[in-house]
Every structure is written in C-alpha cells, then in structure tokens.
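The values are calculated or read from the model by the stated rules, or taken from the named source; none is laboratory data. Quick caveat: nothing in here was measured; it's all calculated off a predicted structure. Cβ placement follows ideal geometry from the backbone for every residue including glycine, while neighbour counts extend to all protein chains displayed.
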Amino acid sequence: MLNDREISIRIQTLKDKMLSSPRYASIEQARIITRVYQENEELSVPLKRALSLKAALEEIEIGFEPEELIVGNRTKGVRYGVVFPESGCSWIDREFETLPTRPQDRFQVHPEDIQEFRETIYPYWKGRSMEDIIRAKDGKHIDAIAKVVKINQKDHAQGHICPDTKLWLELGPQGLKEKAEQMLQKEGLSNDQKEFYQSVILVMEGAKTFMNRYGEMIMASDRDPKLTQVAENCFALAKRPAQSFHEAVQSVWFLFTILHMESNASSFSPGRMDQYLYPYYKKDIESGALTQEEALEIIEALWLKFNQIVYLRNAHSAKYFAGFPIGFNIAIGGVDPEGNDTFNDLSFLFLQAQYDLGLPQPNLSVRLNKHSSSALMQAAIDVVAKGSGMPQFFNDEAIIEPMHHDLGIDLKDARDYAIVGCVELTTHGNNLGWSDAAMFNLNKALELTLNHGVCLLTGEKIGLDLGGLDTYASYEELEDAFQKQIDYFIDEMMKAEVVVEQAHQDCLPTAFLSSVIDDCLVAGKDVTKGGAKYNLSGIQMIQVANLADSLAAVKQLVYEEKKVDPNDLLRALRNDFEGDLVLQTMLLRKVPKYGNDVEWVDEIGAKWAGYFREKMKEYTNYRGGPFHTGMYTVSAHVPMGENVGASCDGRKAGTPLADGGMSPVYGRDLKGPTAVLKSVSRMKDSYTTNGGLLNMKFLPSFFETAEGKKKFETFLRAFVDLEIPHIQFNVVNRDELLDAKIHPEKHASLTIRVAGYTAYFVELAGELQDEIIERTSYAGI
Amino acid sequence: MQASKGLVFDIKRFAMHDGAGIRTTLFLKGCPLRCRWCQNPEGLDPKQELIYFKRHCIHCGACAKEDRGIVFQGGCPHVLDRKSNHDRALEACPAQALQYDARYYTVEEVLKEVKKDEVFFQQEGGLTISGGEPFMQVDFLEELLKRCQQEGIHTTIESSFYTSKDNMKRVLPYLDAIYCDLKILDPKLHQEATGVDNRIILENIQLLLESQKAVTIRTPLIPGWSGTDENIAKIAQFLSGISSDVKYELLNYNPLASSKYHLYERNYGIDPNAKAYTKEEMDHFRTIAKENGIKNLVIE
C-alpha cells in the first residue's frame, strides 16, 4: 500500500513553477551548431558534431531554481522546444509562425528568433540537413508509398535508446574520456576509429565543463545550504564517478540532458533504474547518510526534471504523437539475469513518487511475471487507481522468450529488457533498436487490394492492380491478392529504409551516445554505423483490429453467406456508404468483431500479422541486424485513419482506426475486458517483439475497495498468464473529462494515457479529447 | 422446457460483484417471485421473448416484410406476439435491433462459455448461477453444477431459495458458495412485495445455515419496502437466532433497473424516483443489523 502523504514544500514549489512557466521555441543551440559548422568546414562530420556539442555544453545559457536538488537542462527555460538544424529544419521554416496557435503542442516564439533563423541559420542548412538529403535522394518514392507506409526518422536523430547508465555511473565523463584516450593509443586504428575516439574525448570534455558550470553558478549565488551540496555533486561528477545516492541521481540526469543536447531525439530511457541505483541507495541508507524520506525527495526532484525536457515536433508529427511525449521510460521490477523476480525499496519509492506527483513523465512501467510480488502489484494498482494512466504493465512471460528465440538476443540480455519511448522493447545499454522505422497501414493495403490499386479517397492509382472485389471469385483469391499487395509495399519500404539509415550515418554520428552503448567504445564504431551489440529495426503493423473486422465481414457476408453482392460492396465503399445504410449496418452489426473472444475473427488478424512478421525475416537492415514488428500506434490511429477510405468493417472514410495497437475498435468490444484480453492473446508474442500496446479504460469505482483492487490484481495475473506483452489503464470519470474540455483551467494537471504515453489532457487537440472520452470503459458488472 | 437444455437470458463475463474473484454469471430465465423492484425483468417469464432495441434500429422495415407477426408503424416495428417464433425477422434485420431475450443452451455449451474465462478465475473465481430463479430449471442446474465440479470450476448460486427441500438437496452437494436473498421478514409484507409467502424461504435458510456450506444471506435495500429499520432489525434477529456468525450483506438499491422495463412493457412496481442510499444511510442500516445480533457483516 502506498501512502497518502503531503509532498514537501520544496517539491510542491518546483512543481508549481514548472507547470506555470511558458513554453518557448529556442534557437540558441541551433545558432551554436551553425557557427561551429561554419568555422570548421574542413573537418569531418563526426568531428563537427562533437565540436558543436562541446560548444553547446560550454556556452548554452543555464539556470537553476533555488529549491532544486537536481540541476541541469538543455535550455535555461523549462519545457522549451529546441530547434535542431542538422537533422532537418525546413518544417520550422514553414511552420515557425504557427507554433503559438497550431492545434496541438503549442510553443511561444520570439519574433527576433524567427528572423535570425531565416537569415542566418536556415540558409546554411538548406540542402545539407539530413532531411534535405533524404528528400533529394528518395523523396518522391517515399511520398508515393506514404499512404501505406509511413517512413519515420527522416528529420531527426535516433532516440528510443536505453543507454548503459550503469557504465556511465561507474566511469563518469572523466572515466569515459580516459578510456577513449587509451583506445586512441592502440595500433592499427582506422581513420574512422581515430576520429570516433577523438570525438568521444571532445564531448566528454564538454560534459565535464557543463557540470562544473552548474557548480560554479550555484556557488556564485545566494543559496540555500542544501544547494551547496548540489554544487559539490556537480564538481565531483566532473572529476570522478558517482559515490552517493544523491550524486548518482544527479549523474543520471546529466547523462540524459546531454543525450538530448546531442541528438534532440525522442526518448532516451533510464530503463531499470531501481536496479542500478539500488547499490548507491543501500550504501547510504545503511551508513545513515540518507533517510528514506530524503531519498524520496531526491527521486521526486528527478521526476520533475523528467518533465522539463519536451520535444518540438512539426504539426503533422504532433498529431501522431500528441502532447510532446519524450519518453523517459523507467522499468520497475521484472526478473534478474537468472530469471528470478526482483524488486527493492526503490521500486516502491518510484511508484510513491508517481503517486504523489501524477505528472506525465517519467513514463513508468512495471514488469510483471508469474512470480511478481503481490505487494509490488498492489502498490502499482494504487498508482493506477489515481488515474494518471500510469504505470503501464509489461509481461516478462510474453517478452523475454521471443526476444531470445526470434531475435537471437542472449537470454541474459533479454531478461534485462527495458522499454523505450512508449512501449517499444529494448535490451539495456547495448542496442540501437530503431524501433520506429516505419508504420505499415495494413488497412490501406487492403483498400488497394479491393479496388484495383486505386486509392478510394483520391482516385489515384498507388498500389498494384491485382483485381478488385468485382473480380475475386473467392475469398482465397482475395487473400492471395492481398498478400501480393503487402509484399510489394514491404519491398518498397525496405528501399526507403536503406536511404534513411544511410543518411543517419552520414549526417548524425553521435559520439556521446555511442560512448554509453556497448560495444561502440571497444569497436571504435559509432552507434549509427552498427557499433551496438544489437541492431534492430521495428515496423509497426497498423491496425489489426480493423483488418480482422473488415476481412471477417467480407468473408462471411460476401463469400460464405452470399448476402452481400461484392459489386454492391465495392460501390458502397467508393461512395463512403452514401445511400447504403442497410449494407453499412450489416457490416457493422451482422458480423462478429475482434475483441469479443470470437476465435475465427481474431485468427484472421493473427494470420496477417503472422504473415507480415515472417516476411520481415527476408530482410536485413543497413546496420546488419534483423527487422521485426510491433503493434502500437501511439496516437497515429487518427491520422492513419484519415488516409483510409471507407472500409469493409463499416467504418466511414477518414475516421480513426482502432486505438492503441492491439486494442479492438472502440465501441465494438461488447463482451467486457476478459473477452478483449482473450482476443488480444491470439496475437502471438513473436509479432510484438518491438512492442505491443493494449489500452483499457476503467471507471474509478472499480478501485474504491480493497476487494476491487485485489480483483484487479487477479485480472493482471491473468494478463500475465495469457502472455499479452503490454496493458495500460485509464482510470478517470467521463464527467471529469467532459468538464476538463469545457474548463481546461481547472484541470491543468489532469494527465491521461493517450496511447503509449501520458499527456496533459487539456493540452490535447479537441478531436483527440473527444476520442478519449468515447473509448469504451468498464466498471464491474 | 427440454430437460437437457437451460433457458439462458445472459452470460456475463467479468462479473465482479457475484462472489469471490473474477466470475462468469449465468442468468437462467424464469422466476416464481414477482418482486416489485425486480432488477432483471427479462428473467421473469420462463419463455423466449422477442425484444426490440430502438437505438440499433435503422428503421428500414425489413423485419415486417419477412415476418407477418410484425407490423411496421411510424418507422418502427411492432411485435404482435413476443413469444412466437420470429426467426425470419431476426434474419432480415440488418442491425440486430430485434433479438430474442434468451436462448436454450446445453450444459456443454454453457461450460464452453464459462471455460473461456478460466484463466481469469485463478484461485478464487468461477461460475455464478443467477436468474431469474435458478431452481426453476433444477434438472439443468443440477447437471451443470455436477459438470463444473468434475471440471474443477468453483460454483456459486444466487437464489431466493423459494424451492422445495428435495430440490435443495439435489443441488447443495455441488455448490461451493451460496448467496441467498432474504428480502422481507414480515410474511404479509413479503407476499405483497414479491407475490409469494416467505415461509418456505425461511425454512430453507434455516437448513442452509445448518449445512456446512459457505452461505451469505443478502438483503437488497428497496426504498419503502425492504429498506426499513424494522425489517433489517427483524431479519438480523432471525438470522443471528439460527447462527451466531451468519454472514450477512446489505445490498444498496440500484435505480438503473427501471430503465429495462420498457423493453417488456411492464410496469416498475415501486417509486421510479427512488434513489440509491447514501454512504451514511448504508452505515445506518449496517448499524441496525449489528445491534440486532449480526457479527459477520460483509462489506464490499
């Protein structure tokens, strides 16, 4: 049981300050990077990148709050959106003025920044940024397939990475610098290797300076005695590895701040922080240097920090990933390298911190398995009941085995898995997972299969013409054509993937990140070049629920019962069911739907997900690793749905697809949550080695009694037994959401699970708010 | 009625308030009682009936074209005889706006449904048989419970125990837990509220409490009827007189049931504006129960 406790005045003050501070778009680092590039034109990209990060660490304006226990940020202001030119900034040029007024993820702008950006920054990068290079090379092709395959990572550096935080804690910037210096002495290094080590040395020097700058700034101020300790931590960490718990937490935060300064990428995950911070905690508690109360305050200070770095996305991307999620994902509990369930005091303190603060970050995940302790589960359920949408739950029983078996990951590493971004799975500290390589819209592929390769929305031919509903004599013929259509688009997708990965190698080497990903430092190879021990690429299959429903309807009504004439159906799809209410109603109501534990329908979804997964085995990514699949959309089910015309499941053109990734289409699951889980469990674990996502919404009444919480634990244990990879819950009153829409000011801190992440409800666009309100909810029956 | 089949009006999975753990609740159709506040009016008549869901209807009239027992008037179907066969209309309706309120299941078909959620039962959950009144279909009930015992599925019943002692004896050995309703102690008032004498019920409760079974007696609190201080006091005295540690539970009134009545063109027999009791009022009733001898009060 977690406690209802008052958070300290210090933490409350910091929280209030953070929530009330305005968000701005910042060009400060863009200015520094541009200058360093211009001054060092003759140098290689890796060295230019290292020098510009070093310069940013030395020069960027920094600040601190007098109440802070953990300091550091990549801008002086909190929650600033950072403009990052190397990866791509043409969208900034197009959208700069709209940032304060766009529908999703608004930022204030200084007019003089717009001017400077247009006059000095953007002109330099035009044609040189990674985005422009990809566009020049393959832009037309990428656009041509975009409705079926959304290629990602075209305009920003790689995130979704879990660094080796343990190594960072053990060596610190000084230790890593020394290690790079030693490696540089080795005989027979290639030029690339030499430059790699030189780059590591440069960025570690920058990191040390950055830490010292914070110490000096604090010491130069009128300060609280507690802050002297904070300053001393900064000085110490610049020289040596962390020793105390407080230093270790500060060190972790510096690591993540600098990673974001280097890459400005979405999601670097702390991973299994309860495991690697525990030795520091235990030592301090045992020596009496730290109380549990003090430890919790330090943790809460870090939790606030996780909310202070947000990610500036373009308007289109903000729609897919609404609420600027940046994904500091922490995995609590789970099995140890030997396979035994493990947790400690910190696991509980992390949950308590979330219980106290209820903020969108960190993205807290609890790893469950058959032997999970009831105490930890009950504490997690206490947090779920609070309604912030956290923690989400991951299932060791569904994740470890396929990671090991299907991806060839060492069992020890698979057992040490962590989560990056929303629900993407990774090994800890040795993996470039490239987990959001692309999203593959299976429903669009089906649309093209049914309509001679022609888009129902535009009338344009964008796929293969293999026939149509008007020509397929049997369901098997239709399936055959669908398979060919999928094969075609997978092939096209893979061509684009090569271009994108190559551009990352050319434009965005990351020395700092590489120093904390095994085995880059040993090999002298950047992580973008395949220096990591594991090199994966993940493709998301969108969206199995609609696909199963659509194919089930065609199979039953057209080919088996022959109640619907295929020509009529095709005409109805082309007309978006205008004048075809009876037919549309039959599709919606006369055929069972995914999510109701109807095996034959669920198996249609599983069949195609399985086909797609198998197909991935025919390809290898540019770094030499395997492709695999995930089933999650984040909030992309809305824009992905906009690309799909009327579908055979009775869905109107342009409306959202099922949310989540593994969830049924909302409103179609009529048999309650156990039936949903049963349906979802028919998706094999191997389909979701890159991550699966299942959203559920429960009403708060469910959690009001100890008995209810106990039953919820039972529900979670069944989830574990069913080997479903992931589940998350929104616990919120419909009335509260409706009120928050009308009176956002009263609900500023109301957080809600959007998909794989939590966002402030009032900061979401109206459409998305409505959709969340619409999602099915369960109370006890 | 066929002996080997049961008339089932619902199988609800993820039932959270029908006993221990996560359960599946089977609702058997037909009840000898006519409680004025009946929560499941669809469970009263032991026959299959056609019901109409207006919210699903697209007003196409297809049903009336196929089925002479249905007249299409004012854009909506009007069913002339709900209890006759309407298979053709059901088939014709694209929206499933017309549905039978119940269907016959074999024991094995029910078991198959129940087993779908076996993984959720874990240590505690299982099948709860409710109604209607399960004892109205005692042959089916006995056979189903036997099969559950063979399959290791935990079983619970929710019943008024308005049934013969023979029937009780047939079924009791296969039940793991029992919930028995005792609505009103005063015989006259009970007759007026439920249409039957409560003497059989009281005798059966005595037998139940003397058996070694896990029994919980429940009183649904109905404003103006069972929800009076006097009734609760009398029930508490009666129960504690039989067994000093009887498990007793007070169920709050649920006003939502009245919304189902229009489907059956029945009249709700109590004040339609009655509201659920507040936490304070519930505590008040619980205090009365305790003061009158109940030691083992169940509060969920």
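Please tell me if A:Ile381 is of a type in the set (Val, Ile, Thr), crowded, with 20+ Cβ neighbours inside 10 Å and over 22 Å from the mean Cα position of the chain (by Cα). For A:Ile381, the condition - of a type in the set (Val, Ile, Thr), crowded, with 20+ Cβ neighbours inside 10 Å and over 22 Å from the mean Cα position of the chain (by Cα) - is met.
When A:Arg102 is tested against (1) more than 22 Å from the chain's Cα centre (by Cα); (2) within 25 Å of A:Ile133 (Cα to Cα); (3) crowded, with 16+ Cβ neighbours inside 10 Å, exactly one condition is not met: (2). Looking at this structure, is A:Leu2 in contact with a Phe, Trp or Tyr (Cβ under 7 Å, 6 or more places away or on another chain), in a loop (DSSP other than H, G, I, E, B) and either closer than 25 Å to A:Asn233 by Cα or not aromatic (Phe, Trp, Tyr) (or both)? Yes, satisfied.
Restricting the first member to the stretch A:105-124 and to residues that are under 13 Å from A:Ser90 (Cβ atoms), and the second to residues that are aliphatic (A, V, I, L, M), the beta-carbon pairs closer than 6 Å and six or more apart or on different chains are A:Phe117/A:Ile27; A:Ile121/A:Ala30. Sub-9 Å Cβ pairs linking a first residue in the stretch B:272-288 that is part of a helix (DSSP H, G or I) to a second residue that is among the hydroxyl-bearing types (Ser, Thr, Tyr), at least 6 apart or interchain, are B:His284/B:Tyr277; B:Phe285/B:Thr219; B:Phe285/B:Tyr277, ordered by first then second residue. Being under 17 Å from the mean Cα position of the chain (by Cα) and more than 10 Å from every other protein chain (Cβ to nearest Cβ) is a property that does not hold for B:Lys83. Answer yes or no: is there a residue in the stretch B:66-80 that is in the same structural domain as B:Leu26 (by TED's automatic domain parsing), out of contact with any Leu (no Cβ under 7 Å at 6 or more places or on another chain) and part of a helix (DSSP H, G or I). Checked the stretch B:66-80: no residue is in the same structural domain as B:Leu26 (by TED's automatic domain parsing), out of contact with any Leu (no Cβ under 7 Å at 6 or more places or on another chain) and part of a helix (DSSP H, G or I).
Checked against (1) closer than 15 Å to B:Leu33 by Cα; (2) more than 21 Å from the chain's Cα centre (by Cα); (3) of a type in the set (Lys, Arg); (4) surrounded by 16 or more Cβ atoms within 10 Å (Cβ to Cβ), B:Arg147 passes all but condition (1). When the stretch A:685-709 is limited to residues that are modelled with pLDDT of 95 or more and assigned to a helix (DSSP H, G or I), the one that is nearest to the other protein chains (Cβ to nearest Cβ) turns out to be A:Asp685. Conditions: (1) more than 18 Å from A:Asn443 (Cβ to Cβ); (2) within 14 Å of chain B (Cβ to nearest Cβ); (3) more than 30 Å from the chain's Cα centre (by Cα). A:Asn596 meets all but one. Number of the miss? Of (1) more than 18 Å from A:Asn443 (Cβ to Cβ); (2) within 14 Å of chain B (Cβ to nearest Cβ); (3) more than 30 Å from the chain's Cα centre (by Cα), only one is false for A:Asn596: (3).
Scan the stretch B:111-126 for residues that are buried (at least 23 other Cβ atoms within 10 Å of the Cβ) and either within 14 Å of the chain's Cα centre (by Cα) or part of a loop (DSSP other than H, G, I, E, B) (or both) and the total you get is 2. Just to be sure I understand, how many residues within the stretch B:185-201 are surrounded by fewer than 17 Cβ atoms within 10 Å (Cβ to Cβ) and part of a helix (DSSP H, G or I)? Qualifying residue count for the region: 6. Put simply, of B:Thr194, B:Thr216, B:Thr128 the only residue that is within 14 Å of chain A (Cβ to nearest Cβ) and out of contact with any Phe, Trp or Tyr (no Cβ under 7 Å at 6 or more places or on another chain) is B:Thr128. So, of the residues in the stretch A:630-644 that are buried (at least 24 other Cβ atoms within 10 Å of the Cβ) and modelled with pLDDT of 95 or more, which turns out to be nearest to the other protein chains (Cβ to nearest Cβ)? The extreme case among them is A:Met631. Across the stretch A:646-679, what is the total count of residues that are charged (D, E, K, R) and assigned to a helix (DSSP H, G or I)? Final tally of qualifying residues: 1. Taking the listed residues A:Arg668, A:Arg623, A:Arg682, the one that is away from chain B (no Cβ under 11 Å), over 22 Å from the mean Cα position of the chain (by Cα) and at pLDDT 95 or above is A:Arg682, with no other qualifying. None of A:Asp549, A:Asp580, A:Asp565 is of a type in the set (D, E, K, R) and within 14 Å of another protein chain (Cβ to nearest Cβ) except A:Asp580.
Here's a check for you: in the stretch B:49-58, which residue that is closer than 11 Å to B:Cys93 by Cβ and in contact with a strand residue (DSSP E or B) (Cβ under 8 Å, 6 or more places away or on another chain) is surrounded by the fewest Cβ atoms within 10 Å (Cβ to Cβ)? Among residues in the stretch B:49-58 that are closer than 11 Å to B:Cys93 by Cβ and in contact with a strand residue (DSSP E or B) (Cβ under 8 Å, 6 or more places away or on another chain), the one surrounded by the fewest Cβ atoms within 10 Å (Cβ to Cβ) is B:Phe53. Within the option set A:Arg682, A:Arg651, being under 29 Å from A:Asp580 (Cα atoms) and not β-branched (Val, Ile, Thr) holds for one residue only, A:Arg651. Return a yes/no flag: does the stretch A:438-454 have any residue that is without any contact (Cβ under 8 Å) to a residue 60 or more places away in the chain and crowded, with 22+ Cβ neighbours inside 10 Å. For the stretch A:438-454, residues without any contact (Cβ under 8 Å) to a residue 60 or more places away in the chain and crowded, with 22+ Cβ neighbours inside 10 Å: present.
Please go through the stretch A:752-762 and give me each residue that is at pLDDT below 70 and not hydrophobic (A, V, I, L, M, F, W, C), ordered by number. Of everything in the stretch A:752-762, those that are at pLDDT below 70 and not hydrophobic (A, V, I, L, M, F, W, C) turn out to be A:Arg753, A:Gly756, A:Tyr757, A:Thr758.
Against the conditions (1) assigned to a strand (DSSP E or B); (2) more than 20 Å from B:Thr216 (Cα to Cα); (3) of a type in the set (A, V, I, L, M), B:Leu297 satisfies every one except (2). Within the stretch B:267-287, the set of residues being within 20 Å of the chain's Cα centre (by Cα) and surrounded by 15 or more Cβ atoms within 10 Å (Cβ to Cβ) comprises B:Tyr268, B:Gly269, B:Ile270. Given the structure, is A:Asn730 modelled with pLDDT under 95, surrounded by 19 or more Cβ atoms within 10 Å (Cβ to Cβ), more than 14 Å from every other protein chain (Cβ to nearest Cβ) and not in a helix (DSSP H, G or I)? Yes: the conditions hold for A:Asn730. Within the stretch A:484-504, the residues that satisfy the criterion of being buried (at least 18 other Cβ atoms within 10 Å of the Cβ) and free of Cβ contacts under 8 Å to residues at least 60 places away in the same chain are A:Gln485, A:Tyr488. Scan the stretch B:1-56 residue by residue and report those that are within 14 Å of chain A (Cβ to nearest Cβ), assigned to a loop (DSSP other than H, G, I, E, B) and over 27 Å from B:Gly269 (Cβ atoms). Once the filter is applied, which keeps residues that are within 14 Å of chain A (Cβ to nearest Cβ), assigned to a loop (DSSP other than H, G, I, E, B) and over 27 Å from B:Gly269 (Cβ atoms), the stretch B:1-56 yields B:Met16, B:Gly19, B:Ala20, B:Gly21, B:Ile22.
Return yes or no: is B:Thr287 of a type in the set (Ser, Thr, Tyr) and farther than 13 Å from B:Ala233 by Cα? For B:Thr287, the condition - of a type in the set (Ser, Thr, Tyr) and farther than 13 Å from B:Ala233 by Cα - is not met.
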